[in-house]
Amino acid sequence: MQNVRRYRDFHRESIDNPEAFWRREAARIHWDTPFDSVLDRSNPPFARWFTGGRTNLCFNAVDRHLASRAQQNALVYVSTETGIERRYTYADLHAEVNRMAAVMRSLGVKRGERVLIYLPMIPEAVFAMLACARLGAIHSVVFGGFAAPSLAARIDDARPVLLVSADAGARGGKVIDYTPLVDEAMARAEHAPPHVLLIDRQLAPERFSAPYLVHYEPLRAQFHDAQVPCEWLESNAPSYILYTSGTTGKPKGVQRDVGGYAVALAASMEYIFGGRAGDTMFTASDIGWVVGHSYIIYAPLLAGMTTVMYEGTPLRPDGGIWWRLVEQHRINLMFTAPTAIRVLKKQDPALLRAADLSSLRTLFLAGEPLDEPTATWISDALGKPVVDNYWQTETGWPMLAIQGGVEALPQKPGSPGVPCYGYDLVLRDEHTGEPCASGTKGVITLGYPLPPGCMQTVWGDDARFVKTYWESVPGQQVYSTFDWGVQDKNGYVTILGRTDDVINVAGHRLGTREIEEAISSHASVAEVAVVGVNDAVKGQAALAFVVLRDASAAADPKAADRLAAAIATTVDRQLGAIGRPARVHFVSMLPKTRSGKLLRRAIAALAEGREPGDLPTIEDASALQQIRETVQAARKE
Ligand code: PRX
């Protein structure tokens, strides 16, 4: 029975009476032991959902479906990089997860311990995550594009007992050798785990052998018929850690629970995504990101759907590949980031029309602002509704969307829609902390408690969780999203960018401080400021303004180009290619306040060709003039 609910009442009840609301939703998953209470609010801003209840994510995602859909595909894997295509029924998935869990157990992985997963988009990544869930171990997936120092920093923060990796990833026809990255990270990390479990794809030209290396294949054979029981975990036990960028250089480990996450995802599948058991969903993202965790893996499997996992780009072998996948696999729901659509917009629309898209119901887009022209283009080209949804690594599932499974409210162009049930979303004045009038720009905040599925804390650092997220709005203990928005009188919110120094490049969230730290490690660099500027395809691009120790090093254009390239390579090595600035500009000083604070917003304004407005506290206005001239010169080029 769809659409008999009214959005407004539904949302209202979720805020006024979260206990009753979420008690009903909790029936969507299997509880080995029923919970004692729906919500424990004794220690704000921490919230504990379904306390005393025992459950297991892997059981709910896999085992529970064996009775009714053992022979239905659970996972369809397509790699246009290697030409490999595989299908796993729920029975196959169950067997593979049991093998992986037995292998992990033989390597000492136990309940509560961490396993770091540094893998490309291969089925073993899904098996490894679900195997951790089965064992009650905590997975932390690190995006395969991250460089060795970033991987080492995550190892030292999570202190895993095992690292799972592969010989190589592949992107756009290029093999990315993981072995040297893993070896370097293992050498750098103070808390390196004793073993690295290697999934050998036979892609890397050579293989190194290190004392910690354990090959997966022979162990998988050894444990071929293994049955590993699910560990029943208290609902609030951690399920995973996912690192994300903030304003400091140190990544934050977003920690999530078990029961609340399962319930929230299962509910979102119906109310927001309109997914039903037996449907096929294709989420084109990466398992290293939150969208991959929630909507490639957990939510579709919790709902008894088939999930399509894709390794490759939307452009190879040609721009029609995704639409052919829709046709071949009768995909019902698709989910990706606006960047991917902006890339596809340049392709011949005939490629799109050539495919039979009759199975497709809706395309979901998230991760960065969806501009109107892109939304209109893709929805016209597909002849299907396009649903923007707004959320963060921290929340795990959408905060804003048109919730078609609740009430099919009309779309508003440029807005991801209205607050999702469970979220007490309020726009607040940045100075007073008071709610803003409709039509006025404010910080998007969430009231206590955050709904199920949201982050519990920062891994190992409760104080940082409280300080970062709950103490940044004056006079209020509310959660800050660090996004600006404006809400109209009908409740629709439009996102206006970040309030902090986080930028969004092609849907990837990056802290400008992280990039600055990487650049600063180059010997010639004295000082640097990194800002985000608008980019037609990627949404934003990073620009670096560098002050050199010795300005003569960039005196002639050739030397400057060489140095800029060397600095970009340093970022590749420290952070990975996604952090690489689009341009490195050399200046002799950076605009600062008299107290020495970098005037980032002013630099960002100039970099986008806007005037920064009045800056009464500036130390030396000529620094601003230099940035202006540098940017103008680059434009002319
Ligand atoms: O700034 C918002 C932007 O991406 C940030 C979260 O990025 P991440 O943690 O990688 O999680 C992505 C989950 C989809 C947000 O703080 N953002 C996300 N979705 C949208 C968005 N900006 C505008 N519109 C969106 N739909």
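The values are calculated or read from the model by the stated rules, or taken from the named source; none is laboratory data. Keep in mind that what you see is a predicted model, and the values were worked out from it rather than measured. Virtual Cβ from ideal backbone geometry, glycine too; neighbours counted across all protein chains shown.
Per-structure values
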| read-out | value |
| --- | --- |
| Criterion (in contact with a strand residue (DSSP E or B) (Cβ under 8 Å, 6 or more places away or on another chain) and either away from the ligand (no atom under 16 Å from the Cβ) or not acidic (Asp, Glu) (or both)) met by exactly one of 330, 353, 324 | 330 |
| Answer residue from the range 381-397, given it is under 10 Å from the mean Cα position of the chain (by Cα) and not acidic (Asp, Glu) and is farthest from the ligand (Cβ to nearest atom) among those | 396 |
| Residue within the range 541-548 that is more than 25 Å from residue 387 (Cβ to Cβ), within 16 Å of the ligand (Cβ to nearest atom) and not in a helix (DSSP H, G or I) present | yes |
| Qualifying positions in the range 29-55 - among the basic types (Lys, Arg) and under 23 Å from residue 254 (Cβ atoms) | 41, 48 |
| Members of the range 486-502 that are out of contact with any helix residue (DSSP H, G or I) (no Cβ under 9 Å at 6 or more places or on another chain) and outside any loop (DSSP other than H, G, I, E, B) | 486, 487, 493, 494, 495, 496, 497, 498 |
| Residues (in a strand (DSSP E or B) and either touching a helix residue (DSSP H, G or I) at 6+ places or on another chain (Cβ under 6 Å) or over 22 Å from residue 287 (Cβ atoms) (or both)) located in the range 314-362 | 335, 362 |
| Odd one out for residue 595, checked against (1) touching a helix residue (DSSP H, G or I) at 6+ places or on another chain (Cβ under 8 Å); (2) more than 29 Å from residue 146 (Cβ to Cβ); (3) at pLDDT below 90 | (1) |
| Strands (runs of 3 or more DSSP E) contained entirely in the range 173-283, each with at least 2 residues that are surrounded by 23 or more Cβ atoms within 10 Å (Cβ to Cβ) | 195-199, 240-244, 252-256, 280-283 |
| Residues satisfying the stated conditions in the range 494-535, i.e. more than 19 Å from residue 145 (Cα to Cα), surrounded by 24 or more Cβ atoms within 10 Å (Cβ to Cβ) and within 16 Å of the ligand (Cβ to nearest atom) | 501, 531, 532 |
| Filter result for residue 374 (more than 30 Å from residue 278 (Cβ to Cβ) and away from the ligand (no atom under 11 Å from the Cβ)) | yes |
| Condition met for residue 400 (more than 26 Å from residue 257 (Cβ to Cβ), within 16 Å of the ligand (Cβ to nearest atom), in contact with a Pro (Cβ under 9 Å, 6 or more places away or on another chain) and at pLDDT 95 or above) | no |
| Hey, residue 514 within 25 Å of the chain's Cα centre (by Cα) and touching a residue at least 12 places away in the same chain (Cβ under 8 Å) or not | yes |
| Any hit, the range 490-501, residues being in contact with a Leu (Cβ under 7 Å, 6 or more places away or on another chain) and farther than 25 Å from residue 238 by Cα | yes |
| Subset tally (residues that are touching a Gly at 6+ places or on another chain (Cβ under 8 Å) and either within 15 Å of residue 212 (Cβ to Cβ) or not aliphatic (A, V, I, L, M) (or both)) for the range 98-122 | 5 |
| Selection within the range 360-371 - of a type outside the set (Gly, Ala, Ser), within 12 Å of the ligand (Cβ to nearest atom) and modelled with pLDDT of 95 or more | 364, 365 |
| Matching residues in the range 456-473 - criterion: being under 15 Å from residue 257 (Cβ atoms) and part of a helix (DSSP H, G or I) | 462, 465 |
| Which numbered condition residue 488 misses (of (1) surrounded by 19 or more Cβ atoms within 10 Å (Cβ to Cβ); (2) within 16 Å of the ligand (Cβ to nearest atom)) | (1) |
| Identity of the residue in the range 270-301, more than 18 Å from residue 119 (Cβ to Cβ) and of a type in the set (D, E, K, R), that ends up farthest from the ligand (Cβ to nearest atom) | 276 |
| Candidate set from the range 569-585 (those that are of a type in the set (A, V, I, L, M, F, W, C) and crowded, with 21+ Cβ neighbours inside 10 Å); member that is farthest from residue 148 (Cα to Cα) | 584 |
| Close pairs from the range 157-169: first within 15 Å of residue 183 (Cβ to Cβ), partner surrounded by fewer than 23 Cβ atoms within 10 Å (Cβ to Cβ) and of a type in the set (Gly, Ala, Ser), Cβ under 9 Å, at least 6 apart | 163/192; 166/204; 167/204; 168/204 |
| Residue tally, condition within 28 Å of the chain's Cα centre (by Cα), among the charged types (D, E, K, R), part of a loop (DSSP other than H, G, I, E, B) and under 21 Å from residue 64 (Cβ atoms), over the range 20-53 | 1 |
| Residue match in the range 522-537 (condition: part of a helix (DSSP H, G or I) and of a type in the set (D, E, K, R)) | no |
| Which numbered condition residue 566 fails, given (1) more than 16 Å from the ligand (Cβ to nearest atom); (2) in contact with a Gly (Cβ under 7 Å, 6 or more places away or on another chain); (3) of a type outside the set (Lys, Arg); (4) at pLDDT 95 or above | (2) |
| Selection from the range 228-263 of residues that are of a type in the set (A, V, I, L, M, F, W, C) and farther than 28 Å from residue 95 by Cβ | 254 |
| Selection count, the range 107-162, where residues are in a helix (DSSP H, G or I) and more than 29 Å from residue 521 (Cα to Cα) | 13 |
| Residue match in the range 447-469 (condition: more than 10 Å from the ligand (Cβ to nearest atom), under 30 Å from residue 536 (Cα atoms), buried (at least 19 other Cβ atoms within 10 Å of the Cβ) and not charged (D, E, K, R)) | no |
| Unmet criterion (only one of (1) farther than 24 Å from residue 41 by Cα; (2) part of a loop (DSSP other than H, G, I, E, B); (3) in contact (Cβ under 8 Å) with a residue 60 or more places away in the chain; (4) not basic (Lys, Arg)) for residue 449 | (1) |
| Count of the range 405-430 residues which are among the hydroxyl-bearing types (Ser, Thr, Tyr) and either within 28 Å of residue 373 (Cβ to Cβ) or at pLDDT below 95 (or both) | 1 |
| From 94, 30, 11, residue being touching a helix residue (DSSP H, G or I) at 6+ places or on another chain (Cβ under 8 Å), modelled with pLDDT of 95 or more and within 27 Å of residue 420 (Cβ to Cβ) | 30 |
